[in-house]
Amino acid sequence: MDRFGLLSITCIVLILLLAAVFWRFLVCRRQLIKLRLSTNHKPDQPNESGLIVSSMSQALLQSEQMVSQLQQQLHQAGHDKLTGLGNRLSMKRKLAEQMPLEKGSLVLVDIYRFRYVNDLFGFSFGDELLKQISSRIEANFLESATIARMNEDEFIIYSPSGFADADLTTLTAYLQQPYSVFDSPISVRIQLGHLELERFHADISTMLRRLDLALKKAKVLDIGIAHYSAGDDAVQLRDVSIINSLAKALQDGELYMVYQPKQNCVANSCTQVEALMRWKHKTLGVISPAEFIPLAEYAGMIDMVSQWVLDQVVLQQSKWRQMGIVVQVAVNLSTQDLKNQSLLEEIEARLTKYQLPANALSIELTESKLMEDIDNAVIAINKLRNIGVDIAIDDFGTGHSSLAYLKYLPVDEVKIDKAFIEGLDTDEHARHIMDTSIRLAKGLGFKVTVEGVETESVRQIIIPMGVDKIQGDIFAKPLTSTDLEMRWPQLSGISPGATR
């Protein structure tokens, strides 16, 4: 809402308040007229005059009470009940009163993963923590800034004097100092989005959107402080365009599947392929899954995408089996999919419909995402394994997972990330890390796939280390289903060199 919209709402409320007061004034005036007439024409009836005076006093008292209630309602409408700070509406109104804002800074403060505090300790604990954080923010700025609580775990600060980098660092450190909630110590991580008004002032809606973009940048980059920069709007508009067109793109066939064969180092042939999504947008061109999958997760649309992928893969598997092509297909699922309570039933229903064995599918889960909610992930993984679906950890070695967790992960396979390939044929340390990673995984009972293998020299190095499968351009690039069918005799043959 812009400045004029906020002013319009304020004017309407004031008009209603004045109308109510004026109505009470008319009532009182009517009572006074009756009293005067009674006094002039009925002097022998003082009791009735007294009643009128009493009635008038009651009316005045009611008017005062109504005005007080309206004032209280107006205050509540502009303030957060929990912290007592202004809310989003009051912040917009205060900013509108000071427009144009061409100096100073806006800062959006976010409590990293605050919902986990509520989940772990309860809402009363979370509420008390929010009150302490808001008090700390107020104490830091006193009267020099305008502060509001924007939503559950975000606070906004407007400083007319602005924030230097050192100021933001100091603020972050101050808010991250330990808290004591109900005699329990707790520390939080703070992330800030910063908008410099002198360079990027605009209307209120635009400034708040840019502030949100700065905070989103901090979250995506996993850093403490991020500044809005020129050009961030274009990125946001592209993101919105991608999200808005995703559902229709699935229906219109803009998205399709390709399959990258993996070399089985024992059988010296292809026994598994990885299903990969591709999107050729009508106006934006080719969009990488690395771009649109995180956006789908962010927008709550990943379930729709995953369901579409499962449909495509299972249908393709059915066609291949009828053609005599027996190969396992690995499907990438989001850890958000594991929260879908009906996921197991949906996969079983698809396998039953197309008369496919459960081991026709392998589910790949990214390690870094898996570690964010490991306990619930393990429960979901066990359910999938119980019906015979294989599970693999993708990008193994990049998620900083604890060895204590690894030994309990109920998975069949790990895929060593392509980052470990760099320098393998020239750097002894790189070879040692690769060899140790493979030995670690094998020692824990996992099969091992190395991805991103593009040269013959690298392949000859890792095969003696005991790797089970190799994925990369050295064996085969991603293929459409038709291309894979044409090349299947070579892919499933003895000589992998024939597939290059």
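Numerical summary
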read-out: Qualifying position, being touching a Phe, Trp or Tyr at 6+ places or on another chain (Cβ under 9 Å), open to solvent by 50 Å² or more (accessible area, probe 1.4 Å) and either at negative phi or modelled with pLDDT of 95 or more (or both), among Glu413, Glu485; value: Glu485
read-out: Residue selected from the stretch 160-184 under the condition of a type in the set (Gly, Ala, Ser) and over 17 Å from Leu129 (Cα atoms), by the criterion most open to solvent (accessible area, probe 1.4 Å); value: Ser161
read-out: Residue under evaluation Asp412, criteria (1) touching a strand residue (DSSP E or B) at 6+ places or on another chain (Cβ under 6 Å); (2) over 22 Å from Asn264 (Cα atoms), criterion not met; value: (2)
read-out: The stretch 164-195, subset over 27 Å from the mean Cα position of the chain (by Cα) and either in a loop (DSSP other than H, G, I, E, B) or modelled with pLDDT of 95 or more (or both), residue farthest from Lys92 (Cα to Cα); value: Asp183
read-out: Residues (among the hydroxyl-bearing types (Ser, Thr, Tyr) and either assigned to a helix (DSSP H, G or I) or surrounded by fewer than 19 Cβ atoms within 10 Å (Cβ to Cβ) (or both)) located in the stretch 445-482; value: Thr455, Ser457, Thr480, Ser481, Thr482
read-out: One residue from Lys217, Lys248 being surrounded by fewer than 19 Cβ atoms within 10 Å (Cβ to Cβ), free of Cβ contacts under 8 Å to residues at least 40 places away in the same chain and over 30 Å from Ile391 (Cβ atoms); value: Lys248
read-out: Residues within the stretch 106-141 that are part of a helix (DSSP H, G or I) and open to solvent by 10 Å² or more (accessible area, probe 1.4 Å), tallied; value: 20
read-out: Scope the stretch 158-176; condition farther than 17 Å from Val188 by Cβ and touching a Leu at 6+ places or on another chain (Cβ under 7 Å); matching residues; value: Tyr158
read-out: Hey, Val188 under 23 Å from Asp373 (Cβ atoms) and touching a residue at least 12 places away in the same chain (Cβ under 8 Å) or not; value: yes
read-out: Listing of helices (runs of 4 or more DSSP H) fully contained in the stretch 294-402 that carry 3 or more residues being in contact with a Phe, Trp or Tyr (Cβ under 9 Å, 6 or more places away or on another chain) and open to solvent by 40 Å² or more (accessible area, probe 1.4 Å); value: 302-322
read-out: Any hit, the stretch 230-246, residues being within 22 Å of the chain's Cα centre (by Cα) and not in a helix (DSSP H, G or I); value: yes
read-out: Which listed residue, of Ile243, Ile147, Ile223, is among the β-branched types (Val, Ile, Thr), out of contact with any Cys (no Cβ under 7 Å at 6 or more places or on another chain) and open to solvent by 50 Å² or more (accessible area, probe 1.4 Å); value: Ile223
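The values are calculated or read from the model by the stated rules, or taken from the named source; none is laboratory data. All values reported here derive from a predicted model rather than from experimental measurement. All Cβ positions, even for glycine, are placed from backbone atoms using ideal geometry, and neighbour counts span all protein chains on display. Keep in mind that these areas ignore ligands, DNA and RNA; they rest on the heavy atoms of the full protein, side chains included. Shrake-Rupley method; radii C 1.70, N 1.55, O 1.52, S 1.80 Å.
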